Amino acid sequence: MPRSRPPGRLAATAALTTSALLVAGVATAYASPSSPQQPGATSANPLYGFARIAARQHAHPNLSPSVKADSAGGAQEGEGDALEVADQAEAYAYMRSAPTDSVSSRMLLQARSQAAQLPAVHAKLTEVTARPYNSNPSGYTDPYWSNDGSGFRNVSGRVTALAVDGRTYYAGTADGGVWKSTDAGGHWHSIWDRMPSLSIGALMIGPKHSLWVGTGEANTNSDSYMGTGIYRSTNGGKNFTRVGGADLLNMQTYRLRDDHHGHVYAATSHGLYRHSDTSSKRRWQLVLKPNPNRAGSPYLTSMITDVVVRPHTHGRVVLAVNGWRNGTNRNGFYLSRTGGGRQSFHEITPKGAIDPTDIGRSSLAYAGNGKRLYAIIESPRKLVSDPNTNLQGVFVSPSGNPVGPWKQIASSKKLMASGSALTQPGYQPGIQSWYNQTIAVDPHHPRHVFIGLEEVYDSTNGGRTWHTAAPYWNYGLKCGKKCPPTTHPDQHALAITANGTLVSGNDGGVYKRPISVRGYGHWKDLNNTLYTLQYYDAAAGKRYKQYGYWGGMQDNGTGVINPGAKEQIAPMGGDGFNVYVNPTNPRQAVGEYTNLIMYSTSDDGHTVHAISPLCGYYTGKNCDPNAEFIAPFAADIHNKNHWIAVGTKVWQTHKGWATRCGSNTGGSHCDWRSVYSLGTDSASGDEYLGTAAATSGTVSYVGYATANGNPTGDPNAETFRSGIATNYGGKWHKIDTSALPNRWISRLTIDPSNPKHVYVVFNGYSRRWIPSGGVGTVWQSFNGGGTWTNITGDLPNAPGDGLAIVHNRLVLATDVGLFTAPTTGPKHWKRVAGLPNAVVNNVRPLPGKNAVVLATHGRGIWRVDF
């Protein structure tokens, strides 16, 4: 998750952690802001008030779910629930599923199969970001945007799962696959790049050092992808076999557990499954599905967020928790005392401190002797009502009995008093317990327990007292500038090695320290060769025959690799999205935070100018009231100082890096000029927000869509609308797009030699998977949008993400790789072979070369030379 700043800095709002219907199969509320919120705006920092409001909106939307029983005794989320409609921050997921609200992950396997059948074009591939990423570089001290003083160091992308086998570590990542280290995290290499899904939810070491991998990230954030099953390797990751075939397709894997008596359990988003722990060919057996969900709700799929087997019971006592984050009448603890087979589980009511009516996402861990059972429980009730935290608490059953009685050993307030950095109103420990929670117990000391929420906490006396082991950041701590380095925030996985080392996986990679350490410090980051950064965009500029690269990424800011540099650095923290780089001077770049909050730099990021026309940042009368979470902006392909940006309006500036709008202390001056308003949809009344933009000279094109999408989830309701506006012909107008697909417009690309010639790229899947979505991924027009031709040809049916024109060649970025075709007669496409199977979020020309720059969602930036 992205971070906000201490007083005097811009607060960050959430990463794309809203409705993940296509990718995660579950609609969710807005994410927490991943930032402590300060008391409010001050005269010195009026900008902060806007950021705080935005962050709190994302953290705690006005959820008013109306729940009614279905015929099976389950529940169905009601219309108007903010879990279904996240109109600000859901872009990454919704652009892939619109105009419906979920798509089977079978489409991914089919698209990969289609891609594999295309002929390959071989090109030179260079992994640009195969170098350390320093998130707190020396000399970068911008008071709003830098991470100066945070205590962060080298980072990588989101690590969602860990497994340790002696000195061999395995790390599962959000969309970067599985990585292996044979020297306790010193060096990593990928063992998963060619697998169908690089989204990892769970890892486990099984019998005879086998490695089990559960795909489908175990989170309900919008850039979490569904999985393609569970895989097993018996040779250290050299080869994998899918266990049970397609049995667990289209699920997220929350946990894999071996009962050490012949069975493996898979806690998934669609129930609890059991399998032989040595076979790959047998079918998975569904042993627990509390919600029958006969109505097919995407919210009531029986999200089993954890399962544990009580030690020394010969595999007979198995406890699972159904923990959909916003609560259903089937959430709760389910226990089997007869070996975990089918029809052996029954719901139990935990006694003592746990509120059994308020159980959301939960994590469980037994002490090694089986005599103590620990639990972290998120509160659906607090998710709606408490502005500071949604943690019900951390609990222990001192006897190890799942029924209890349970004692509370930590609350948000208790953890806040343990040395936490999260002490501000609006963002306190457990504010993201629906997203980041994990627990581990020292196998030799039943009372030595570690929990991971936004921070890492340590207790050696069973939870009577706690120490913050890894604060969210070092801002505001009593140790001040003497504070030791910390980990990246937002913990997803903890593991304890046989030699007494605690390993943590979080939104910034992998870290470790001895379990004997108390309090802050002694963390070693293990990210120097873990190349899993999640980019939304990347671009390059050339200076002195060398290239500099910029990119915006999930939770790790906007980064730059200066020409000739051995490391990447982060001048700007928080979330980073679209970028533009001066083709002839990579020191000059434009970046973007959420919702059209833009910034520019002319000195590699040492000095940052915020230049947003968004209302609340820019305080003039003519400001933009709204924008997509990832808002589009573009530079003129012939004039590096002519820019357009789009929220509800189309904005234009001709001042390039001299552009100013508002300031870091507020202001009413703005160099952006509004040239067109996108208006509202006449049928639904929803406002239109920009989704794509391109400009060449006096001609510009803008893609847009309705802000609220399709709240019903009914593909026939067609409340979603997308379209294109242009000023081709001299006056801004909306063109007739009735012949085009009604899906998310992810990119517009103008022919550099002819502004009448424009390409449009559609995200999402065609009507094979989305009945009302239309057909085709790439279309072109030779008359400014008057008429269109489908040039999708033999491309796989997969979301299109970006399009570049290089040396009479079209280069298309998609969720299943990179494809190319000639600009003349582009009906037959070829795939670019050799890239990892990560989503390619955008592609841009490399200035002066027959080459492109790729932004991948989990495998960094790549350069492709044809």
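The values are calculated or read from the model by the stated rules, or taken from the named source; none is laboratory data. This is a predicted model, so every value here is computed, not measured. Neighbour counts are summed over all protein chains in view; Cβ atoms, including those assigned to glycine, are modelled from backbone coordinates with ideal geometry. Just so you know, the surface numbers come from the protein's heavy atoms only, side chains and all, with ligands and any DNA or RNA stripped out. Shrake-Rupley method; radii C 1.70, N 1.55, O 1.52, S 1.80 Å.
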Take V403 and D386, extend 7 Å from each Cα along the Cα→Cβ direction, and tell me the distance between the two endpoints in nm.
2.8
Given a Förster radius of 45 Å and the C-beta distance between T607 and S738 as r, what FRET efficiency does 1/(1 + (r/R0)^6) yield to the nearest 0.05?
0.40
For the pair C479 and H638, what calculated FRET efficiency results from E = 1/(1 + (r/R0)^6), where r is the Cβ-Cβ distance and R0 = 56 Å, to the nearest 0.05?
0.60
In terms of the charge dipole of the range 770-855, which places +1 on Lys and Arg and -1 on Asp and Glu at the beta carbon, the residue among L846, G774, A833 farthest towards the positive end is L846
I'd like the projected area of the range 325-396, averaged over all directions, using the convex hull of its alpha carbons. Report it in nm² with one decimal.
5.6
Roughly to the nearest percent, how much of the accessible area of the chain is carbon and sulfur, given a 1.4 Å probe?
49
In percent, what relative contact order does the chain have, based on Cα pairs under 8 Å that are 6 or more apart in sequence?
12
Calculate the translational D of the range 146-278 in whole µm² s⁻¹ from Stokes-Einstein, where the hydrodynamic radius comes from the Kirkwood formula applied to all Cα pairs, the temperature is 10 °C and the viscosity 1.306 mPa s.
105
Mean shadow area (nm²) of the C-alpha convex hull around the range 208-272 is 4.7
Over 29 Å between Cα atoms: which of K414/K524; K180/K481; K482/K512; K382/K481; K407/K524 fall into that group?
K180/K481; K382/K481; K407/K524
Report Rg/Rh for the range 713-804, rounded to two decimals, where Rg is the Cα radius of gyration and Rh the Kirkwood radius.
0.97
So what does log10 I(q)/I(0) come out to for the range 415-470 at q = 0.28 Å⁻¹, using the Debye formula with one equal point on every Cα and no solvent?
-1.13
Counting Lys and Arg as +1 and Asp and Glu as -1, what is the net charge of the other residues whose Cβ lies under 10 Å from the Cβ of A540?
+4
Which lysines does K734 reach when only Cα atoms under 17 Å apart count, and residues fewer than 8 places away in its own chain are ignored?
K649, K756
Pairs of alpha-carbon atoms within less than 8 angstrom and 6+ residues apart define the contacts here; what relative contact order does the range 461-545 have, in percent?
23
A chain fully extended from H467 to I348 at 0.36 nm per residue, minus the present Cα-Cα distance, gains in nm 39.6 nm
In whole percents, the bins of 5 Å from zero upward hold the Cα-Cα pairs of the range 779-866 as 3, 14, 26, 25, 18, 9, 4, 1
What is the dipole size for the range 719-813, taken about its Cα centre, with +1 at each Lys and Arg Cβ and -1 at each Asp and Glu Cβ, in debye to the nearest 20?
200
Quickly estimate the mean residue ellipticity at 222 nm for the chain, helices only: each DSSP H run with n ≥ 4 gives -39500 (n - 2.57), and the total goes over all residues, rounded to 500.
-1500 deg cm²/dmol
Mind checking the full-extension length gain between T824 and H187? Use 0.36 nm per residue of separation minus the Cα-Cα distance, one decimal, nm.
224.7 nm
Which whole-number percent of Cα pairs in the chain have a distance greater than 57 Å?
4
What accessible area per residue, rounded to a whole number of Å², is obtained for the range 385-493 using a probe radius of 1.4 Å?
32
On the formula 1/(1 + (r/R0)^6), with r taken between the Cβ atoms of K124 and V675 and R0 of 35 Å, the FRET efficiency rounded to 0.05 is 0.25
Cα-centred dipole magnitude for the chain, charges only on beta-carbon of K, R (+1) and D, E (-1), debye, nearest 20
1840
When N is the residue count of the range 455-603, what does its C-alpha Rg come to as a fraction of 2.2 N^0.38 Å?
1.26
Order of 825-837, 207-219, 595-607 by packing, highest average Cβ count within 10 Å first?
207-219, 595-607, 825-837
7 Å from Cα along Cα→Cβ at both T789 and H807: what's the point-to-point distance in nm?
2.4
Cα-based radius of gyration of the range 708-866 once divided by 2.2 N^0.38 Å, which approximates compact folds
1.05
P(r) of the range 488-574 in 10 Å steps, Cα pairs, percent per bin?
15, 39, 26, 15, 5, 0
Given N residues in the range 100-145, what is its alpha carbon radius of gyration divided by 2.2 N^0.38 Å?
2.17
Inter-site label distance for S753 and R294 at 7 Å from Cα along Cβ, in nm
6.4
For the range 144-298, what is the accessible area per residue in Å² when the probe is 1.4 Å?
31
Quick one: length gained pulling N585 to Q114 fully straight, 0.36 nm per residue minus the C-alpha distance?
165.5 nm
One point scatterer per Cα, no solvent, Debye formula: log10 I(q)/I(0) for the range 230-366 at q = 0.14, 0.19 Å⁻¹ comes out as -0.62, -1.10
